[in-house]
Amino acid sequence: MELTTYSAKRLAIGLVMVVCVQVIIFLAVQVVPGDPVEAMMSETGNISPEIVAALREQFGLDQPLPVRLLEHMRELFMLDFGTSFQYSQPAAAIIGSRLLVSLELVVLSAFFGIAAGIFFGSWSVQTRIGNWLVSALGPIILSVPGYVAGSFFVLALSLWLGWLPAGGMAPISDPVEHLRRLVLPVLTLSLPIAATIAKVTRYSILEVRNQDWVRTSRAYGFSARRTFRRDILRNALTPVLTVSALELGGLIGATVLVERVFNLPGLGSLLVSAVSVRDYPLIQGAVFVISAFYIAINIAADIGYGFLDPRAARR
Amino acid sequence: MLSLGARVGPAIAQGAGGTLVFGLSANVGNLVYGPSRGAAQFIVNQQIHRGLVKFDENGTIVPALAESFEAVDPSNYRFTLRDGLSFHDGSPIDSATVKASLEYLADKSTGAAIYSALSTLASIETPDAKTVVVKLSKPNASFLDYMADPNAGIAPAAALAPGAANWIGAGPFKLQANDSGVGLTLVKADTYYDKDSVALEGVRFIFYPDSSARTNALLAGDVDMIDFVGWEDFERVEADSNLVLDAVPGPFVYTMFNVEKAPFDNPKVRQAIAHAINRDNVVAAAFYGHGEPLYGVPMSPGNGRFDPKMGDLWEYSPEKARALLKEAGVDGLKVSLLTSSTYSFFRDMALSMQADLKEVGIEAELDAPDWATYTASKNGGKYDLAVAGGAPSVTGPVYLQAYSIGGPASSFGSYGYDASEIVAHIQAGEAITDDAAARTEYMKAVEVIRDEVPFLPVAQRSQAFAYKNTVKGFKNVSGFLSITGTGYMIEKAKVE
Amino acid sequence: MRRYLLPVLASAFVLFAIVGPLLVPHDPLAQNIVKRFAPLGSPEHLLGTDNFGRDVLARIAAGAQVELFTAVSATLLAMTFGVLIGMTAAYSRGPTEGVLMRGVDVMLSIPPLILALLVVAALGPSVPTLIGVLALLFIPGFARVAYGQTLEVRNRQFVEAAIIFGAPRRSIILGQILPNIMAPVLAQASLTIASAILVGSGLGYLGLGIRPPAPSWGGMVADGQRYMSSHPMLMIVPGIFVVSTILIFSALGDTLRALWDPREQRSR
């Protein structure tokens, strides 16, 4: 199969998957008890049937389920998530502002995590201390859940030492403060990425180093340093990039624990609060963004892999 | 041109009060007219909107949009509006605007929070553009309290529809930016009737739904003030000499019973629960010791319509509870205890009660779902026992009505309870102007509450605001009004 | 050294989870408000008490039982269903294969958070719910391993021969294929236990774990966080237990994988 045909097929499957996820979540939120109108009126003592009916009509909940599902799909096709029940604003706008926070977290964490991972991974095959660091510290880092690490950072670096703010978001108009706020959450998120990438880099380098052409290169008298930089590292990075992409794909929806610890208004906490009041448009929209991101990254990794290794596409 | 310049001049000079950065305890992404959406929304409402009257720092009713008001008798109120009132967009407010708003709030179908106060509305007369006369079919001595409620602001016609956005008001500040999920930026409104006494240039609300994050933000100096200080954080705030902890006895927590089915259809079993709960433990575990146990109905300080005896109805006595259970002929009870995992004090209160119930031989299984499921279960009567929170918007005993009337009619009351006897006594009290005479009537209602236990008050929690000591002129209003009245104090504050 | 240390540590943990609650002289649910916030190292309460005056050590021990039980049950459940799906898909080929493996892809694309939120909102927090959520999250991993291995085994001569000689499907799947894919599946399982503890404690932290008042480590960290400034140990102690348990089980998983997984052995 040609690569373009392969890519087109993967994309089509990806679209079908996005739709499947939407339908599953749409049906699941109907099955779950709890009603958006009642949750919204929970602070009001008297809930008259009239207001409930009026709000249900306004939210379109008076329509039969299949009609609502079709309507949702029609809106989704035009990338319109509807109007949030609790905020009376377009869900897309709310999700957009939250997505920016999540993306900023994910991109910064991925960047620092991957950079540190590659650095420590290649350092580990070159020096004894690097080797020790990656093989001893790596598993420990991977064993610390994000919420534990985050809480400890807040306790030690914010409350006890007072070096960094404990949480919250500063506007981008104050760039220094904005970045200062992000130090601890990004550190928390990037540590496990760094540990994973270091491990993969290490294995990959060890494998490439044993190949014939590397030995040939050394035999031709090129320096060890040049061989490492130009031949080994470059070839070893292919699997590293694949793993990085996959790490990134799952990350966008997985920042919720860190958002919780540091009080950041990201997609995860939006999803938690949207579910707790059954704000259907927000739930559907947030799930769409998270799953589409995950699926897109996977397709990109697949296609990229097919590009590098044409045999994969033929399978 | 000259006069315009003269008006701009002093406004800038008075803007020396700075901008108050306020760490708010919930996301307020949207305001709608009528329904109540909780304490954080009240605070925002009170900056944007304004009603005929409001509360002052002592909880007294004072004029707001109405320049003066007069209770001709308990069912007849006359308001005189100020001159030149207008909304933030410049559209004028006259007696017709007020009439439209009040009629909207009196319409049950709009879900208005103060509907019950206006349910007896007979007519609203507007003899001229400045005069509003409200006539009630039944006397209601607490009517003015309801008119000062944060949900009773006067709103423009465009906001008078269920779910319509309600951001344009007659309050001291107007919305400049709504940064959804992050915060709200409000600036001083030059349309406000009392703008000369507002020192602040604006208020910036930043949402911190997490309680410890909110306190951290204050300790770090990110915000000038926070509401709803977590009880476990009181000492941290007090330890900082640059901060003020402003705590008052506030709203209360209580227990609801499903009286539709056994065992809580039996008043004796409900009485047993009233004696079984160790209120001190609830205060210690759920409120970190910052609260007061309740052995009767909660009372507003300084309201002459309460009798101190109303606060002394049941005592903590597991023996008595066991005896009552035996008398009721129940043994080895297994019940469900509904609470919500969304608020830790709800859950902790239920956990504490669970231990007390076990002490008297009742096995309570905790049901701790998220908020929407909790609300649905509570309103639908899917519980045996449930914990709930109460923050009445009126100071007088009339508030007891909403907590006594059973669900599904009132979502504050025990499912299936018929409160007609209590309501009759309270209504009788409301018709009496004289406090002492009214007390006797209210006491009759409270005696029914004592014997029937339609709901069980457990503790009054300490409600605190905290702020930097550079914030002056602010005060947390004591009692229930900490929730519904304190928001009116922000316009009096300034940041030095 | 490491070869012996890890199994010893893991067994010690399992032992702690099984008999720990019996050894600690306190009921993990018994409240004693008067003695709340007892510090670390109190004579009666070795690890102190929480905001209800409940013994932290007793809660840690009871929590260990819950964490271990949920992680192991969820792993077994996920393994059973995952292997079933993966083997069926690889063996039957054709449309069944497409539907099953695409289904697995869809499962992977549902954000784990929404899955947990909805299941817990529907069924309420409880041990079975937690096991179910965790199992759902880990089924795709097992399905993929089983699928890949089955494809490989199916093409080997002895299986082809069995098919040609008309051996019944059941006996081929159970008798020929299953034993030959078990090693990598078990390797996957040993790694999944550590992940299940990690994810499970995270759900506990978010309040999506088990029904209170039963203790969970994640929930203890979340509760401790509220008293972080005045009683930091309430957060630190369960945090340390979470981290060290995951560390032990993931190291053990790595070791077992190196022993069992043929792919790992080849790359060495």
Problem set entry | Subset of the stretch B:211-225 that is within 9 Å of chain A (Cβ to nearest Cβ) and of a type in the set (D, E, K, R) - its residue that is farthest from B:GLY181 (Cα to Cα) | B:ASP222
Exercise. Going through the stretch A:125-178 one residue at a time, which ones are more than 12 Å from chain C (Cβ to nearest Cβ), among the aliphatic types (A, V, I, L, M) and exposed (fewer than 14 other Cβ atoms within 10 Å of the Cβ)?
Worked result: A:ILE129, A:LEU161, A:ILE172, A:VAL176
Exercise. Which condition breaks for C:MET233 when tested against (1) surrounded by fewer than 22 Cβ atoms within 10 Å (Cβ to Cβ); (2) within 30 Å of B:GLU235 (Cα to Cα); (3) touching a residue at least 12 places away in the same chain (Cβ under 8 Å); (4) out of contact with any Leu (no Cβ under 7 Å at 6 or more places or on another chain)?
Worked result: (4)
For this session: Out of A:ARG56, A:ARG68, report the one residue that is more than 28 Å from B:GLN401 (Cα to Cα), within 14 Å of chain B (Cβ to nearest Cβ) and assigned to a helix (DSSP H, G or I).
Result: A:ARG56
For this session: With respect to C:VAL185, determine if the residue is of a type in the set (Val, Ile, Thr), over 30 Å from A:VAL208 (Cα atoms) and more than 14 Å from every other protein chain (Cβ to nearest Cβ).
Result: no
Problem set entry | Test: residue in the stretch B:317-329 that is hydrophobic (A, V, I, L, M, F, W, C), free of Cβ contacts under 8 Å to residues at least 60 places away in the same chain and farther than 18 Å from B:VAL360 by Cβ | no
For this session: With respect to B:LYS472, determine if the residue is touching a strand residue (DSSP E or B) at 6+ places or on another chain (Cβ under 8 Å), among the basic types (Lys, Arg) and in contact (Cβ under 8 Å) with a residue 24 or more places away in the chain.
Result: yes
Exercise. Considering B:GLY380, B:GLY416, B:GLY361, which residue is without any contact (Cβ under 8 Å) to a residue 40 or more places away in the chain and within 17 Å of B:VAL269 (Cβ to Cβ)?
Worked result: B:GLY361
Exercise. Of (1) crowded, with 24+ Cβ neighbours inside 10 Å; (2) farther than 20 Å from B:GLY396 by Cα; (3) at pLDDT 90 or above, B:GLU67 satisfies all except one. Which?
Worked result: (1)
Seminar exercise, completed: Expected output for the stretch C:98-117 (first residue more than 7 Å from chain A (Cβ to nearest Cβ) and more than 25 Å from C:GLY204 (Cβ to Cβ), partner surrounded by fewer than 20 Cβ atoms within 10 Å (Cβ to Cβ) and charged (D, E, K, R), Cβ below 8 Å, 6+ apart or cross-chain) is C:VAL104/C:ARG144
For this session: Those residues that are in contact with a Lys or Arg (Cβ under 8 Å, 6 or more places away or on another chain) and within 13 Å of C:MET233 (Cβ to Cβ), I need them from the stretch C:33-76; list them, please.
Result: C:HIS45, C:THR49, C:ASP50, C:ASN51
Problem set entry | Which numbered condition B:TYR208 misses (of (1) in contact with a Ser or Thr (Cβ under 9 Å, 6 or more places away or on another chain); (2) away from chain A (no Cβ under 14 Å)) | (2)
Exercise. Here are A:LEU100, A:LEU27, A:LEU61: which of them is part of a helix (DSSP H, G or I) and within 14 Å of chain B (Cβ to nearest Cβ)?
Worked result: A:LEU100
Exercise. Of all the residues that make up the stretch B:157-201, how many are more than 11 Å from chain A (Cβ to nearest Cβ), closer than 30 Å to A:ARG98 by Cβ and in contact with a helix residue (DSSP H, G or I) (Cβ under 6 Å, 6 or more places away or on another chain)?
Worked result: 6
Exercise. Is it fair to say A:LEU191 is touching a Leu at 6+ places or on another chain (Cβ under 7 Å) and either at pLDDT 85 or above or of a type in the set (Ser, Thr, Tyr) (or both)?
Worked result: no
For this session: Consider A:SER84 carefully, then state whether it is facing another protein chain (nearest Cβ under 8 Å) and surrounded by 14 or more Cβ atoms within 10 Å (Cβ to Cβ).
Result: yes
For this session: Search the stretch C:170-184 for residues that are under 12 Å from C:GLN149 (Cα atoms) and pair each with any residue that is crowded, with 19+ Cβ neighbours inside 10 Å and acidic (Asp, Glu) when their beta-carbon atoms are under 7 Å apart and the residues are at least 6 apart or on different chains.
Result: C:ALA183/C:ASP261; C:PRO184/C:ASP261
Problem set entry | Number of the condition not met by A:ILE51 [criteria: (1) within 30 Å of B:ALA388 (Cβ to Cβ); (2) in a loop (DSSP other than H, G, I, E, B)] | (2)
Problem set entry | Filter pass, B:ILE124 being out of contact with any Phe, Trp or Tyr (no Cβ under 7 Å at 6 or more places or on another chain), assigned to a strand (DSSP E or B), within 30 Å of B:SER410 (Cα to Cα) and not aromatic (Phe, Trp, Tyr) | yes
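This table checks each residue for (1) without any contact (Cβ under 8 Å) to a residue 12 or more places away in the chain; (2) not acidic (Asp, Glu).
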| residue | (1), (2) |
| --- | --- |
| C:PRO28 | no, yes |
| C:GLY41 | yes, yes |
| C:ASP50 | no, no |
| C:ASP55 | no, no |
| C:ALA62 | no, yes |
Exercise. If you take the residues in the stretch B:106-121 that are more than 10 Å from chain A (Cβ to nearest Cβ) and assigned to a loop (DSSP other than H, G, I, E, B), which one is farthest from A:MET40 (Cα to Cα)?
Worked result: B:THR120
Seminar exercise, completed: In the stretch C:208-221, anything buried (at least 24 other Cβ atoms within 10 Å of the Cβ) and at the interface with another protein chain (Cβ under 8 Å from one of its Cβ atoms) is listed as C:GLY218, C:VAL221
Exercise. Within the bounds of the stretch A:190-205, is there any residue that is in contact (Cβ under 8 Å) with a residue 24 or more places away in the chain, within 14 Å of chain C (Cβ to nearest Cβ) and touching a Phe, Trp or Tyr at 6+ places or on another chain (Cβ under 8 Å)?
Worked result: no
For this session: Could you tell me which numbered condition B:ALA100 fails, if it satisfies all but one of (1) touching a helix residue (DSSP H, G or I) at 6+ places or on another chain (Cβ under 7 Å); (2) within 19 Å of B:VAL32 (Cα to Cα); (3) surrounded by 20 or more Cβ atoms within 10 Å (Cβ to Cβ)?
Result: (3)
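The values are calculated or read from the model by the stated rules, or taken from the named source; none is laboratory data. All values derive from a computational prediction rather than experimental measurement. Glycine also receives a Cβ, built like all others from the backbone with ideal geometry; neighbour counts cover every protein chain displayed.
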